[in-house]
Each structure stands twice: as structure tokens, then as C-alpha cells.
Amino acid sequence: MRWRWFPFLLMAIGWLAGCSVTGPHRDINGEVPAQKAAAEIPEAQLLDVWIELFDPGELPDDPEDASGLSMDIRAAEARYMPERLRETMERTGYWGAVRVVPRGTAGSEVLVRGTIMASDGERLALRITALDASGREWHRGSYEAEVTAADYPPPEQPEREAFQSLYNAIANDLARFRARLSREDIVTIRRTAALRFAADLAPDAFAGHLQRDDDEIYTVARLPAQDDPMYRRVNAIRERDFLLIDTLNGHFDNFYREVQEPYNEWRRTRSEEAAAMREIRAEANKRKVLGALAVLGAIAIEAAGSNSTRRATGGLRNVMIVGGAYAIKTGFDKDSETAIHRDAIEELGASFASETRPLVVDVEGETHELTGSAEEQYTKWRALLKQIYASETGLVTSGE
């Protein structure tokens with residue numbers, strides 16, 4: 001009788017944990033269509049989404065599994081995959097502006113983070129976390145899918161994605177949570193995002209408008225006055241920040257378009273090479289086993305038979321020994337063929353890399369070149385924004 005309360009206990013635990021959609025792990029099998037909004041959502045009810053450049057994760061420890069992979073490729077994938085997710089989420093109609101941003105960018109209404117757990121052309125595994133501006137976790141889960149070389153698009157259709165169902169599954173999970181929010185929830189999230197940007201830009205002036213608890217959850221303590229000139233300046237600077245992020249997104253999108261075809265070809269070819277290696281290895285092992293059995297059989301006949309039996313089977317035993325030895329040799333020869341395929345994968349991997357282009361911006365008539373990684377460029381840009389705010393308000397921002 002006590003067990004009849006078990007379902008209610010699970011429901012209570014779920015309620016206490018909040019209303020986040022949490023999926024520990026999802027294996028994506030077959031086609032998963034992207035769910036789209038049934039009707040146009042009013043602009044005031046749309047939340048902007050920032051997708052951070054993914055964490056590239058780590059390469060497999062097994063040298064065989066890591067063959068042909070490199071951190072250069074992972075760095076490229078860490079830019080490519082957020083762009084693919086951005087495109088997928090944009091098409092659903094559930095969101096406002098969906099942008100890809102460097103890691104550590106403050107001011108988002110909804111923030112999506114991803115880590116590449118595995119990516120080798122045949123298998124893709126991602127860990128995804130989504131938060132809103134308050135720091136409340138919407139969703140945390142991992143997604144995994146497997147494809148074959150035949151699932152990759154032909155060269156004339158590089159826009160197709162072999163793992164599209166995985167991206168659709170992520171977008172669907174986030175849309176389901178979005179559908180649970182009330183109008184008041186959305187207004188609060190948008191206000192919190194604006195105040196967090198203001199507090200990051202000018203903490204001395206705006207940090208007191210927010211409260212943060214021990215779980216890093218933000219709540220609005222008070223709102224600025226509607227005619228607050230400092231807050232108006234912050235919002236004007238925030239619009240400039242959006243323009244810079246849009247410029248960065250143009251670079252990310254160009255990179256995404258440029259690498260689509262070679263990336264698909266690399267993944268397809270690596271899948272083919274990996275499948276060929278497995279087939280060769282299986283054939284090699286089979287030959288070794290059959291060869292060993294033949295040699296052992298000949299030895300057994302020699303050891304167990306009488307003199308007359310040994311004389312009668314002498315020719316057979318010689319054939320078994322020679323044939324078995326040859327089978328073992330060809331098995332090792334087959335093993336050496338895998339090195340050829342492995343080298344081909346390594347060469348493909350070495351030819352697939354990315355680099356960040358310098359970004360030139362104009363601030364108050366002055367030209368500035370932002371160099372380094374996307375994260376470094378955006379950090380320099382935020383420093384420029386603080387300089388702008390300080391010059392317009394006459395205040396010294398924190399850290400100056």
C-alpha cells in the first residue's frame with residue numbers, strides 16, 4: 001500500500017525542483033521534425049535567445065577513436081554547431097532575435113550553452129543547458145545521434161544537415177518550456193536582462209536594482225524611474241551592443257556557410273574510412289583466428305595420432321600449417337591497411353581548421369580594430385562600451 005504514494009512523491013520532487021524541463025539523456029532515433037508556432041507570437045511576448053559558442057570538449061582517450069580528430073576541428077565545430085542550432089530555433093517562430101555570442105557574454109534574455117561530448121562524423125553527442133536572465137535553469141540534458149555516410153547530403157545540397165533531428169529535438173525541448181511561461185514571466189525576464197546589462201556596464205549605479213541569492217538567482221529589487229537619464233543612456237549603449245553582436249554574427253554566419261560543404265565532406269569521408277577500417281579489422285581478425293585454428297589442428301593431429309596416422313596425414317598437416325600461417329600473415333597485412341585509412345583521416349582532419357578574423361568597429365568617429373578570438377574581441381568591445389558610458393555620463397565605471 002505504501003507504494004501507491006510513490007507517483008505522488010515523484011510529482012512533489014519535480015515540483016520542488018522547479019518547472020524546468022530536464023532530460024538526462026536522449027538518443028535521437030529516426031526523423032524528429034521541428035515544432036513550429038501555430039500562430040504568430042506578438043513581439044512583446046518574444047524572448048531573444050543568445051547561444052554561446054560551444055565548449056569544444058575533449059577528444060577521446062582511445063587513439064583509435066581519436067584518429068583523424070583534432071582540437072582545431074573541435075574549435076571549428078564549436079562555432080558551426082551553435083549556428084546550426086540558431087537557424088533551427090529561428091525557423092520555429094517561438095523566439096525573437098536568436099544570436100550566437102562568445103562565451104561569457106552578459107545581458108541575454110535566454111542563454112543556451114552547449115558542450116561537444118563526441119563528434120566523429122558517425123556520432124554526435126551534445127550537452128545542452130538553457131537559462132533565462134534570472135539565472136533560472138530551464139533545461140539541462142544531453143542528446144546523442146548516429147548516422148552513416150549515406151545520411152550526408154550531396155555536394156549540391158550542403159545546407160542539409162545529417163544530424164538535423166538532434167538540433168530539432170533541442171529546439172523542441174526549449175520551445176516546450178517557453179510555452180509554459182506567462183506574460184508576466186516574460187516581462188520579468190526581459191526587465192532582468194536589461195538590468196543585468198546595466199549593472200555589468202555601471203555596477204555602482206545599477207547593481208542595487210537587482211538581488212542575487214546564494215543560488216545565483218536574480219530578482220528585480222526595484223526599477224529605474226521611467227525618465228532616468230542614466231538608464232536611457234544605458235539602453236542606447238545596449239542597442240550599440242546588439243549591433244556589434246549582429247556584426248559578429250555576420251562573421252559567424254559567413255564562417256558557417258564557408259565550411260558547410262568541406263565539413264560535410266570531411267564527416268562523410270571519415271565515416272566511410274571508419275567503416276572501412278572496422279570491416280578490414282574484422283576480416284583480419286577472422287583470418288588470424290582461422291589460421292591459428294588450422295595450425296593448432298595440425299599440431300593436434302601430430303600429437304594425438306599414431307605413427308600410421310601421422311604418415312597418412314602428413315600432407316594434410318603441412319597444408320594446414322602453411323595455410324594457417326598464410327592466413328595469419330594476410331590478417332596482419334589487412335591490419336596494415338588500416339594505417340592507410342587512418343592516415344587519410346588525419347590528413348582530412350589537418351586540412352579542416354578555422355581562424356578568427358579581425359573586426360573593425362567605429363566608435364564616436366574613431367576606428368578600433370578588435371583582434372584575437374571572438375571572446376577576446378567581445379571583451380575589448382565591452383571595455384569600449386564602458387568608456388562610452390563614462391564619457392557620456394561623466395561617471396567612472398568600475399575597473400577604470
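The values are calculated or read from the model by the stated rules, or taken from the named source; none is laboratory data. Only a predicted model underlies this, so the values are computations on that prediction, with no experimental measurement involved. Every residue, glycine among them, receives a Cβ derived from its backbone with ideal geometry; neighbour counts consider all protein chains shown.
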How many residues, within the range 372-387, are over 23 Å from Pro203 (Cα atoms) and modelled with pLDDT of 75 or more?
0
Please go through the range 127-167 and give me each residue that is within 13 Å of the chain's Cα centre (by Cα) and not in a strand (DSSP E or B), ordered by number.
Phe163, Gln164, Leu166, Tyr167
Just for the range 94-111: of the residues that are over 16 Å from Ile189 (Cβ atoms) and surrounded by fewer than 18 Cβ atoms within 10 Å (Cβ to Cβ), which one is modelled with the lowest pLDDT?
Gly104
Kindly indicate whether Ala198 is surrounded by 15 or more Cβ atoms within 10 Å (Cβ to Cβ), farther than 30 Å from Asn29 by Cβ, small (Gly, Ala, Ser) and in contact with a helix residue (DSSP H, G or I) (Cβ under 9 Å, 6 or more places away or on another chain).
yes
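Quick grid of which residues meet (1) out of contact with any helix residue (DSSP H, G or I) (no Cβ under 6 Å at 6 or more places or on another chain); (2) buried (at least 20 other Cβ atoms within 10 Å of the Cβ); (3) more than 30 Å from Ala390 (Cα to Cα); (4) small (Gly, Ala, Ser):
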residue: Ala162; (1), (2), (3), (4): no, yes, yes, yes
residue: Thr192; (1), (2), (3), (4): yes, yes, no, no
residue: Asp215; (1), (2), (3), (4): yes, no, yes, no
residue: Leu223; (1), (2), (3), (4): yes, no, no, no
residue: Asp228; (1), (2), (3), (4): yes, no, no, no
Across the range 45-59, what is the number of residues that are surrounded by fewer than 23 Cβ atoms within 10 Å (Cβ to Cβ) and touching a strand residue (DSSP E or B) at 6+ places or on another chain (Cβ under 8 Å)?
6
I'd like to verify a number: residues in the range 40-81 that are farther than 15 Å from Thr115 by Cα and of a type in the set (D, E, K, R), how many?
8
What residue, of Arg84, Arg74, Arg79, Arg91, is out of contact with any Lys or Arg (no Cβ under 8 Å at 6 or more places or on another chain), free of Cβ contacts under 8 Å to residues at least 60 places away in the same chain, surrounded by fewer than 23 Cβ atoms within 10 Å (Cβ to Cβ) and charged (D, E, K, R)?
Arg74
List, please: which pairs have Cβ atoms under 8 Å, are six or more places apart or on different chains, and start with a residue in the range 182-195 that is touching a residue at least 12 places away in the same chain (Cβ under 8 Å) and within 18 Å of Ala225 (Cβ to Cβ) and end with one that is polar (S, T, N, Q) and surrounded by fewer than 17 Cβ atoms within 10 Å (Cβ to Cβ)?
Thr192/Thr219; Ala194/Asn235
